[in-house]
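> The structure's right below; bear with me while I get my questions together.
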Amino acid sequence: MREGRGAGNGKVILLGEHAVVHGQPAIATSLLREVRVTVRERGAADRPPPPELRAALDAAAGAVGGVDGSSLHVGIEGDLPIAVGLGSSAALAVALVRALLALDGRSGSTVEIARRANEVEKVFHGTPSGIDTATAASGGLLWFEAGPPPHWEAVRPGAPLALVVALSGTRHHTGRAVGGLRTRAEASPQVYSPIFRAIGELVRSGRDAIESASWPLLGEILSMNHELLRASGVSTPELDRLVEDARAAGALGAKLTGAGGGGAAIALAEKAPDDLVERLRARGWEAFVA
Ligand code: PMV
């Protein structure tokens with residue numbers, strides 16, 4: 001039986017989440033963890049996909065064009081935790097688009113796949129900036145601007161980044177976090193616009209720090225970005241505790257990553273990231289090297 005396969009990477013946002021929705025640049029990196037999708041015609045023994053997956057499949061079929069999603073079976077596997085700010089919905093969207101293209105005997109450029117996958121992301125969270133799908137499709141460390149048109153380019157670190165991901169233990173809902181902040185920002189632009197601009201400046205300085213491997217400075221920038229996100233109302237007591245613990249465990253800096261309201265944090269290790277992972281685990285957090 002004909003089948004199509006595709007994969008998409010998970011990601012973490014290093015700097016600039018939320019502000020990127022409001023016109024500022026951001027920096028993200030892909031994770032080695034991924035979502036893999038297989039699509040094929042549904043057999044008699046296959047159950048139809050659950051409603052949310054069905055909606056994503058329909059959106060992906062519409063974005064790809066020339067494919068009928070209604071009769072397809074979708075198999076999903078992978079090692080990416082879901083709904084914790086590691087880009088699982090974007091990874092699924094990219095994997096679905098690639099699998100449908102493959103089923104139809106086609107492929108696409110990274111830019112095309114990211115653009116199509118972003119249409120699928122809208123099913124999951126309303127008005128995505130496109131940073132998650134760009135990173136899930138292209139991989140690596142990226143500088144991203146939402147545009148329109150969206151623009152992204154590779155950032156070359158001066159030395160390997162010793163980055164650790166840790167989970168706060170609570171799930172989050174990207175659409176709700178982004179929508180809540182948008183409502184607050186629209187009600188009081190004089191309060192929120194300077195915060196978004198300040199985050200944008202941190203992203204620009206952060207890129208310089210990454211390219212010149214100035215890790216202590218990058219650590220400070222990460223922590224400052226966390227404080228601005230916290231001031232914007234998207235952190236939680238668990239995320240704040242996790243960030244504090246990471247710093248106490250010797251991280252050069254730490255911040256929530258992704259939409260917040262639960263989910264994950266990142267921490268920059270001074271030297272070996274495995275040591276920081278161990279120290280975070282000893283404090284009861286689930287953590288891994290990015
Ligand atoms: O999918 P998450 O939780 O990593 O959040 C995406 C990043 C945001 O900036 C909060 C939203 C967006 O679309 O850029």
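> Find all pairs meeting these conditions: Cβ atoms under 9 angstrom apart; at least six residues apart or on different chains; first residue within the range 72-88 and over 24 Å from Arg47 (Cβ atoms) and in the same structural domain as Ala99 (by TED's automatic domain parsing); second residue β-branched (Val, Ile, Thr) and at pLDDT below 90.
From the range 72-88, the pairs are Val84/Thr170; Gly85/Thr174.
> In addition: Are any residues in the range 1-20 modelled with pLDDT of 95 or more and outside any strand (DSSP E or B), and if so, which ones?
Gly16, Glu17, His18, Ala19, Val20, listed by residue number.
> For Gly62, state whether it is in contact with a strand residue (DSSP E or B) (Cβ under 8 Å, 6 or more places away or on another chain) and open to solvent by 30 Å² or more (accessible area, probe 1.4 Å).
no
> Now, a different point. Can you tell which of Arg171, Arg182, Arg176, Arg156 is among the basic types (Lys, Arg), within 12 Å of the ligand (Cβ to nearest atom) and farther than 30 Å from Gly284 by Cα?
Arg182
> Taking the range 226-241 as the region of interest, how many residues are open to solvent by 40 Å² or more (accessible area, probe 1.4 Å) and in contact with an Asp or Glu (Cβ under 8 Å, 6 or more places away or on another chain)?
Summing the residues that are open to solvent by 40 Å² or more (accessible area, probe 1.4 Å) and in contact with an Asp or Glu (Cβ under 8 Å, 6 or more places away or on another chain) in the range 226-241 gives 1.
> If you don't mind, another one. Output the residues belonging to the range 44-59 that are open to solvent by 30 Å² or more (accessible area, probe 1.4 Å), of a type outside the set (A, V, I, L, M) and assigned to a loop (DSSP other than H, G, I, E, B).
Asp46, Arg47, Pro48, Pro50
> Name the helices (runs of 4 or more DSSP H) wholly inside the range 162-272 in which the number of residues that are touching a Lys or Arg at 6+ places or on another chain (Cβ under 9 Å) is 1 or more.
189-211, 215-231, 237-248
Yes/no per residue for (1) within 11 Å of the ligand (Cβ to nearest atom); (2) open to solvent by less than 40 Å² (accessible area, probe 1.4 Å):
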{"position": "Gly4", "(1), (2)": "no, yes"}
{"position": "Gln24", "(1), (2)": "yes, yes"}
{"position": "Arg33", "(1), (2)": "no, no"}
{"position": "Arg36", "(1), (2)": "no, no"}
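> So, one more: For the range 84-146, which helices (runs of 4 or more DSSP H) that fit wholly inside it have 3 or more residues that are more than 11 Å from the chain's Cα centre (by Cα) and near the ligand (Cβ under 9 Å from one of its atoms)?
Correct list: 110-125.
> Residues in the range 55-77 that are within 21 Å of the chain's Cα centre (by Cα) and farther than 18 Å from Val35 by Cα: how many?
Counting residues in the range 55-77 that are within 21 Å of the chain's Cα centre (by Cα) and farther than 18 Å from Val35 by Cα gives 1.
Matching residues to (1) open to solvent by less than 40 Å² (accessible area, probe 1.4 Å); (2) of a type outside the set (A, V, I, L, M, F, W, C); (3) farther than 30 Å from Leu57 by Cα; (4) without any contact (Cβ under 8 Å) to a residue 60 or more places away in the chain:
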| site | (1), (2), (3), (4) |
| --- | --- |
| Gly130 | yes, yes, no, yes |
| Ala159 | yes, no, yes, yes |
| His173 | no, yes, no, no |
| Ser205 | no, yes, yes, yes |
| Ile210 | yes, no, yes, no |
| Met224 | no, no, yes, yes |
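The values are calculated or read from the model by the stated rules, or taken from the named source; none is laboratory data. Note that this is a predicted model, so its numbers are computed, not measured. When we count neighbours, we look across all protein chains shown, and the Cβ atoms used for this are built from the backbone with ideal geometry, even at glycine. The accessibility values were calculated without ligands, DNA or RNA, using every heavy atom of the protein model including side chains. Shrake-Rupley method; radii C 1.70, N 1.55, O 1.52, S 1.80 Å.
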